[in-house]
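Below is one structure, written out as structure tokens; comments come after it.
The values are calculated or read from the model by the stated rules, or taken from the named source; none is laboratory data. Just so it is clear, the structure is predicted and the values come from calculations on it, not from any experiment. Heads up, the Cβs are rebuilt from the backbone with ideal geometry, glycines too, and the neighbour counts pull from every protein chain shown.
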Amino acid sequence: MTGKNMQKQRPVREPLFHVSKNNALPVWKGLLYRAAAVLAAMLLTGLLGVLLVRKNPLEIYAAIFKGPFIDIWTLLQNTAVLLGFALAVVPAFKMKYFNMGANGQVLVGCLAGIACMKFLSGALPDWLVIILIIAASVAASVVFALIPAVFKAFFDTNETLFTLMMNYVAIGLVDYMVFVWDKSGSGTLGIVNLFSHAGWFPNIINKYFPSVLVVALMTVFMTVYMKYTKHGFETALVGESVNTARYVGINVRKVIIRTLALSGLMCGIMGALYAGSIEHTVNASVGGKGFTAILVAWLANFDPPVMALVSFLVMFLTSGTEYAAASLRLGSNDFASITVGIVFFFVMASEFFIRYNVQLTDRGRKVFRVREKQSEEKGGTA
Amino acid sequence: MKKILSAILVVCMILSLALSVVSCSTSKTITKENIKIGLITLHDDSSTYDKNFIESMKRALQDLGIKEEQLVLSTSIEETSQCYDTAKQMVKDGCDVIFADSFGHEAFLLQAAQEFPKVKFCHATGTMAHTAKLDNFSNAFAAIYEGRYLAGIAAGMKLKEMIDSGKITAEQAIVGYVGAYTYAEVMSGYTSFFLGVRSVVPSATMKVRFTGSWYDTDTEYSAAKALIETDKCVLISQHADSYGAPNACEEAKVPNISYNGSTESQGPNTYIVSSKIDWAPYFKYMINCTIEGKVIDKDWTGTIDTGSVVLLDLSKNAAAGTQEAIDSAKAALKAGTLHVFDTSKFTVGGQTLTTYKADVDTDDKYTPDTEAIKDGYFHESEYRSAPYFNIKIDGISIIGDEKY
């Protein structure tokens with residue numbers, strides 16, 4: 001066979017599947033698919049539990065459902081925190097600006113807040129210190145988010161790498177400041193004002209509720225901003241097509257910088273919460289939910305109320321599996337991480353089948369020996 | 001199929017509900033049969049440091065006849081509010097005594113102790129219990145500098161063998177040390193180790209590199225490699241928790257003295273011995289106090305006598321006569337005729353130390369507050385359980401940055 005003939009034959013080769021966007025799937029069916037995915041993942045988890053850690057799967061399931069409810073407030077706060085991170089990345093992602101730097105942006109916010117708490121409390125009245133903590137956190141996070149945004153807007157640098165690297169800059173900054181502030185040499189700062197509680201945010205109901213409340217307000221704000229404001233529309237349009245946005249007269253640079261300032265603002269609020277309400281200290285492990293948050297935002301299709309639900313489910317599962325590891329004395333959280341990973345994997349796979357319609361092509365039908373009649377039925381319903 | 005699945009799920013949920021109802025029953029008399037113990041560790045059982053705590057706890061439970069099911073073991077708990085949240089969850093889950101193993105956990109555990117006065121909280125390596133004055137919060141450590149000293153003798157014997165066989169000269173007896181931070185616990189450790197080495201080989205010197213992390217396989221590996229290749233060290237020891245340094249030693253065929261557990265599996269041809277703290281004696285004490293309703297000592301220091309400071313069995317790589325040398329030093333330490341930080345055995349800037357104020361009571365500014373030199377030696381681990389020897393003595397040089 002000559003080369004020319006081969007070239008001619010190539011385009012004839014038909015793929016086995018035809019994948020098309022599916023917008024018509026009813027909501028209940030989508031939920032059913034997702035529930036089935038979670039269930040399948042849990043069954044696999046049980047099986048792995050028997051094979052890998054040699055525990056009774058019923059014991060594992062019981063622990064997963066018991067753990068999160070032992071302390072419901074911790075679960076709520078963890079949900080709020082994860083949701084806060086997700087809300088912070090959502091406007092940027094909607095614009096197809098891949099902000100991988102939420103961890104760093106929150107961390108510098110927390111660092112700035114702790115600096116205020118450490119050096120200003122005592123010298124200034126408590127209410128003023130708290131205001132300054134919030135202001136400093138927000139300012140630091142906004143600056144940290146704007147640096148890669150400005151480079152993106154003016155020099156079209158790759159924001160994924162830039163924001164990712166900024167996380168390490170943040171960790172370096174925190175490590176250095178702990179080195180400067182901590183005189184004991186242990187490499188830890190300890191809780192700032194452990195006994196005086198100076199500069200700590202006041203407890204409303206308890207120490208967890210303020211974070212939950214603030215993130216709830218952030219969720220409402222973000223929903224309104226993304227769906228009903230001109231800014232939100234512009235952001236989405238830049239994400240769909242930069243050229244279209246430019247054509248209708250949108251200043252793309254301005255939108256990028258404005259949106260990332262908003263991201264920074266959200267991160268700053270989270271940083272202030274970490275400093276004043278949750279941690280009262282800073283180290284490289286503080287926060288750290290920025291990557292899971294991206295997954296949450298994506299799974300929820302960037303819809304804030306759905307993100308709240310997904311955050312809750314993720315934290316429920318994390319807390320449950322970690323409790324299972326603790327109460328069954330597995331000696332590490334590896335099994336918990338594997339479980340959460342499996343569930344994520346299954347749910348994402350189900351998302352594919354919810355968002356897209358997969359059909360066999362003529363060739364596929366032949367290869368898999370599917371009768372013509374079935375495909376006609378499918379064609380009729382589509 | 002679907003029916004079976006949903007049935008399983010329903011059973012699980014009912015079971016979990018029943019379990020949570022059972023665990024809600026309050027105000028129990030603590031007995032051996034119903035005591036519940038919480039253990040919080042920074043990493044998991046892949047870290048030699050944390051593995052040591054986990055295994056000691058399991059052994060203590062076995063010795064006391066307590067079922068392993070009575071232990072809740074939370075691993076990979078960060079030094080953040082996660083520690084507080086975990087402790088709180090353990091309290092609500094019915095734990096009567098909770099132990100955390102990392103220095104940075106202390107403030108968060110203290111926070112939980114303030115909130116739950118009926119539950120006992122114990123913490124390894126911490127410094128705040130004797131000043132915080134809470135009846136339910138205690139620190140514990142061991143006089144591990146004595147174990148390090150004995151391990152140093154094993155290292156000295158190995159160096160002596162190398163000198164005697166003409167492999168190195170007396171001046172080339174340079175010991176390398178991979179340390180985590182420039183922190184009293186580490187400094188006390190390498191200094192006592194070095195004094196042990198020098199009790200056998202007086203010409204020995206030491207070079208220390210800090211990693212700035214308690215657990216970082218890559219950094220520990222490259223620090224050990226640099227000590228061997230650049231600094232010409234002929235024997236390595238470490239105070240860092242991964243297998244990084246032992247692996248580097250095995251590759252370069254350089255003898256290694258380990259800490260917190262045997263690393264013989266990682267270095268079958270180079271591992272000599274390891275000193276370690278056996279936490280089982282403390283865990284037994286802590287659990288017995290909880291059952292008997294007694295207050296746990298604010299600052300508990302384990303010793304060779306309590307069985308807390310141990311040296312593991314020598315490997316085949318140790319020099320001949322090592323066991324005898326260790327045994328006689330051990331007897332002298334026990335009898336009180338030998339002191340590790342004997343001021344006549346080391347100098348600082350060429351001078352013998354006669355006075356040194358150590359920072360024993362933790363305050364914001366870390367002001368030295370307690371005279372530690374008395375009767376010709378530095379009294380380590382006597383005024384509080386966590387080490388406070390942080391003097392830079394002659395013969396030990398720090399390469400690169402100090403890490404805080």
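Annotation: B:G156 fulfils all but one of (1) in contact with a Phe, Trp or Tyr (Cβ under 6 Å, 6 or more places away or on another chain); (2) closer than 30 Å to B:D327 by Cα; (3) crowded, with 24+ Cβ neighbours inside 10 Å; (4) of a type outside the set (F, W, Y); the unmet one is (1). Which of the residues belonging to segment A:76-106 are within 12 Å of A:P148 (Cβ to Cβ) and surrounded by fewer than 24 Cβ atoms within 10 Å (Cβ to Cβ)? Residues satisfying the conditions are A:F98, A:M100.
Does segment B:389-400 include one or more residues that are within 14 Å of chain A (Cβ to nearest Cβ) and out of contact with any helix residue (DSSP H, G or I) (no Cβ under 8 Å at 6 or more places or on another chain)? Looking through segment B:389-400, at least one residue is within 14 Å of chain A (Cβ to nearest Cβ) and out of contact with any helix residue (DSSP H, G or I) (no Cβ under 8 Å at 6 or more places or on another chain).
Here is a yes/no grid of residues against (1) assigned to a strand (DSSP E or B); (2) at pLDDT 85 or above; (3) surrounded by fewer than 16 Cβ atoms within 10 Å (Cβ to Cβ); (4) not assigned by TED's automatic domain parsing to the domain that holds B:M286:
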position: B:I14; (1), (2), (3), (4): no, no, yes, yes
position: B:V21; (1), (2), (3), (4): no, no, yes, yes
position: B:G38; (1), (2), (3), (4): yes, yes, no, no
position: B:D44; (1), (2), (3), (4): no, yes, no, no
position: B:Y49; (1), (2), (3), (4): no, yes, no, no
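In segment B:44-64, is there at least one residue being closer than 19 Å to A:L330 by Cβ, out of contact with any strand residue (DSSP E or B) (no Cβ under 8 Å at 6 or more places or on another chain) and of a type in the set (K, R)? Yes, because at least one residue in segment B:44-64 is closer than 19 Å to A:L330 by Cβ, out of contact with any strand residue (DSSP E or B) (no Cβ under 8 Å at 6 or more places or on another chain) and of a type in the set (K, R). The single condition from (1) small (G, A, S); (2) within 19 Å of B:Y377 (Cα to Cα); (3) at pLDDT 95 or above; (4) within 20 Å of the chain's Cα centre (by Cα) that B:S199 fails is (4). Conditions first: (1) more than 22 Å from the chain's Cα centre (by Cα); (2) in contact (Cβ under 8 Å) with a residue 24 or more places away in the chain; (3) within 14 Å of chain A (Cβ to nearest Cβ). B:P368 passes all but one, so which condition is the exception? With (1) more than 22 Å from the chain's Cα centre (by Cα); (2) in contact (Cβ under 8 Å) with a residue 24 or more places away in the chain; (3) within 14 Å of chain A (Cβ to nearest Cβ) applied to B:P368, the lone miss is (2). How many residues does segment B:127-185 hold that are away from chain A (no Cβ under 14 Å), out of contact with any helix residue (DSSP H, G or I) (no Cβ under 6 Å at 6 or more places or on another chain) and part of a loop (DSSP other than H, G, I, E, B)? Final tally of qualifying residues: 6. B:T217 fulfils the conditions (1) over 12 Å from B:A240 (Cβ atoms); (2) more than 14 Å from chain A (Cβ to nearest Cβ); (3) modelled with pLDDT under 95 except for a single criterion, (1). Within segment B:87-105, being more than 8 Å from every other protein chain (Cβ to nearest Cβ) and part of a helix (DSSP H, G or I) holds for B:A87, B:M90, B:V91, B:H105.
Among the conditions (1) in contact with a strand residue (DSSP E or B) (Cβ under 8 Å, 6 or more places away or on another chain); (2) surrounded by 24 or more Cβ atoms within 10 Å (Cβ to Cβ); (3) more than 19 Å from B:D401 (Cα to Cα), B:S192 misses just one, which is (1). Which condition number in (1) surrounded by fewer than 24 Cβ atoms within 10 Å (Cβ to Cβ); (2) in a helix (DSSP H, G or I); (3) touching a residue at least 24 places away in the same chain (Cβ under 8 Å) is the one that B:I66 fails? Condition (2) is where B:I66 drops out. Taking the conditions (1) out of contact with any Gly (no Cβ under 9 Å at 6 or more places or on another chain); (2) more than 14 Å from chain B (Cβ to nearest Cβ) in turn, A:F119 satisfies each one other than (2). In segment B:39-82, of all residues being closer than 27 Å to A:T281 by Cα and more than 19 Å from the chain's Cα centre (by Cα), the one that is farthest from the other protein chains (Cβ to nearest Cβ) corresponds to B:Q82. Considering only residues of segment A:159-205 that are touching a strand residue (DSSP E or B) at 6+ places or on another chain (Cβ under 7 Å) and on the phi > 0 side of the Ramachandran plot, which is farthest from the other protein chains (Cβ to nearest Cβ)? Filtering first and then ranking leaves A:G199.
Considering only residues that are without any contact (Cβ under 8 Å) to a residue 24 or more places away in the chain, part of a helix (DSSP H, G or I) and within 12 Å of chain B (Cβ to nearest Cβ), which ones fall in segment A:41-87?
Quick first cut of segment A:41-87, residues without any contact (Cβ under 8 Å) to a residue 24 or more places away in the chain only: A:43, A:46-47, A:50-51, A:54, A:56-58, A:61-62, A:69, A:71-72.
Cutting the leftovers down to part of a helix (DSSP H, G or I) gives us A:43, A:46-47, A:50-51, A:57-58, A:61-62, A:69, A:72.
Correct list: A:L43, A:G46, A:P57, A:L58, A:Y61, A:A62, A:F69, A:I72.
Could you list, in sequence order, all residues of segment A:107-131 that are surrounded by fewer than 20 Cβ atoms within 10 Å (Cβ to Cβ) and of a type in the set (A, V, I, L, M)? Matches in segment A:107-131: A:L120, A:A123, A:L124, A:L128, A:I131. Within the option set B:D241, B:D218, B:D297, being surrounded by 21 or more Cβ atoms within 10 Å (Cβ to Cβ) and of a type in the set (D, E, K, R) holds for one residue only, B:D241.
Please determine whether any residue of segment B:155-162 is basic (K, R), at pLDDT 95 or above and closer than 29 Å to A:D175 by Cα. No. If the condition is being more than 14 Å from every other protein chain (Cβ to nearest Cβ) and surrounded by fewer than 17 Cβ atoms within 10 Å (Cβ to Cβ), then segment A:314-341 contributes only A:G341. Of the residues B:E161, B:E146, the single one that is over 30 Å from B:F283 (Cβ atoms) and out of contact with any His (no Cβ under 7 Å at 6 or more places or on another chain) is B:E161. Where residues in segment A:168-217 are charged (D, E, K, R) and surrounded by 15 or more Cβ atoms within 10 Å (Cβ to Cβ), which of them is modelled with the lowest pLDDT? Within segment A:168-217, the match that is modelled with the lowest pLDDT is A:D182.
Of the numbered criteria (1) facing another protein chain (nearest Cβ under 10 Å); (2) buried (at least 23 other Cβ atoms within 10 Å of the Cβ); (3) charged (D, E, K, R), the one B:K120 fails is (1). Go through the residues of segment B:323-332 one by one and say whether even a single one is out of contact with any Ser or Thr (no Cβ under 8 Å at 6 or more places or on another chain), buried (at least 18 other Cβ atoms within 10 Å of the Cβ) and not assigned by TED's automatic domain parsing to the domain that holds B:L159. Within segment B:323-332 (the criterion being out of contact with any Ser or Thr (no Cβ under 8 Å at 6 or more places or on another chain), buried (at least 18 other Cβ atoms within 10 Å of the Cβ) and not assigned by TED's automatic domain parsing to the domain that holds B:L159), the answer is no, since none of the residues qualifies.
Condition check ((1) outside any loop (DSSP other than H, G, I, E, B); (2) among the small types (G, A, S); (3) modelled with pLDDT of 95 or more) across all residues:
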| residue | (1), (2), (3) |
| --- | --- |
| B:S237 | yes, yes, yes |
| B:P281 | yes, no, yes |
| B:K294 | no, no, no |
| B:D305 | no, no, no |
| B:D313 | no, no, no |
| B:E324 | yes, no, yes |
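For segment B:106-126, a residue qualifies if it is touching an Asp or Glu at 6+ places or on another chain (Cβ under 8 Å), assigned to a loop (DSSP other than H, G, I, E, B) and farther than 30 Å from B:L333 by Cβ, and the qualifying residues are B:P117, B:V119.
Tell me yes or no: at least one residue of segment A:27-40 is away from every other protein chain (no Cβ under 13 Å), farther than 22 Å from A:T318 by Cβ and not in a helix (DSSP H, G or I). Checking segment A:27-40: not a single residue is away from every other protein chain (no Cβ under 13 Å), farther than 22 Å from A:T318 by Cβ and not in a helix (DSSP H, G or I).
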